[in-house]
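Below is one structure, written out as structure tokens; the observations come after it.
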Amino acid sequence: KENYERFYNSFRENYDNVMVAYSVKTNYLPSILHILHSNGAGMEVVSGFELHLALKIGVPPNKIIYNGPSKTIGELDFAIKKGILLINADSTSELEKIDNLGNKYGKIINVGIRVNIETITWKKFGIPLKYAEEAFKFASTRKNIKAVGLHVHIGTGIINPRSYVSTVDHLLKLIRKLRDINVKIEFLDIGGGFPAAGVGKWPD
């Protein structure tokens, strides 16, 4: 609880609209999730199992974000029916799947697009930053999705906070470009990877 509050407040001191979405895959013991949920945390899930678990302990759908590169059609279908806050897509083919499901239910689905910044992030997941604008243009041509989020995850155990600063700088430049094509980003998801206390030495 103390770690969560310290982490949340470090962002909340400077920004009004902040949500910490705990990575359920990190530790999915219901008792741990319940403590975090009861103190205001949202949940980040990467599978149908994790989504079921978050909902079962009472996390409202509007505090759940669905990430990950291996979402099945059934899992996407379930997430859309439950009306979760945001689904972050890793590819244009996934955007198309979400659009088709939105059409099935007559809904417009809020989506984010995961990008990778080749000099900083894991290269195997997400859309390369240089193609991100094209991915948002593609999303804008679909009738049942609305691209309102930008997501990145630079890895795990990131000791140097400057890596996050550099990452966010890249994302803000992209957001400015997207404004020119009338795309408004409502959710900036900077991912996880923050190390536990005592892991490595943080620079001054």
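For the stretch 1-34, the set of residues classified as open to solvent by 80 Å² or more (accessible area, probe 1.4 Å) and part of a helix (DSSP H, G or I) consists of E2, N3, R6, R12, K25, T26, H34, listed by residue number. Screening the stretch 151-168 for residues that are among the β-branched types (V, I, T) and not in a helix (DSSP H, G or I) and picking the one that is nearest to A89 (Cα to Cα) gives V152.
Regarding the stretch 154-172, can at least one residue be identified that is open to solvent by 50 Å² or more (accessible area, probe 1.4 Å) and under 30 Å from K104 (Cβ atoms)? No, the stretch 154-172 contains no residue that is open to solvent by 50 Å² or more (accessible area, probe 1.4 Å) and under 30 Å from K104 (Cβ atoms). None of I73, I35, I87 is touching a residue at least 24 places away in the same chain (Cβ under 8 Å) and within 20 Å of I190 (Cβ to Cβ) except I87. Scanning the stretch 173-204 for residues that are open to solvent by 80 Å² or more (accessible area, probe 1.4 Å), modelled with pLDDT of 85 or more and farther than 25 Å from S23 by Cα yields K173, R176, K177, R179, D180, N182, K184.
The values are calculated or read from the model by the stated rules, or taken from the named source; none is laboratory data. Here the structure is a predicted model, which means the values were calculated and not measured. Neighbour counts run over all protein chains shown; Cβ positions are idealised from the backbone, glycine included. Side chains included, ligands, DNA and RNA excluded: accessible areas come from the protein's heavy atoms. Shrake-Rupley method; radii C 1.70, N 1.55, O 1.52, S 1.80 Å.
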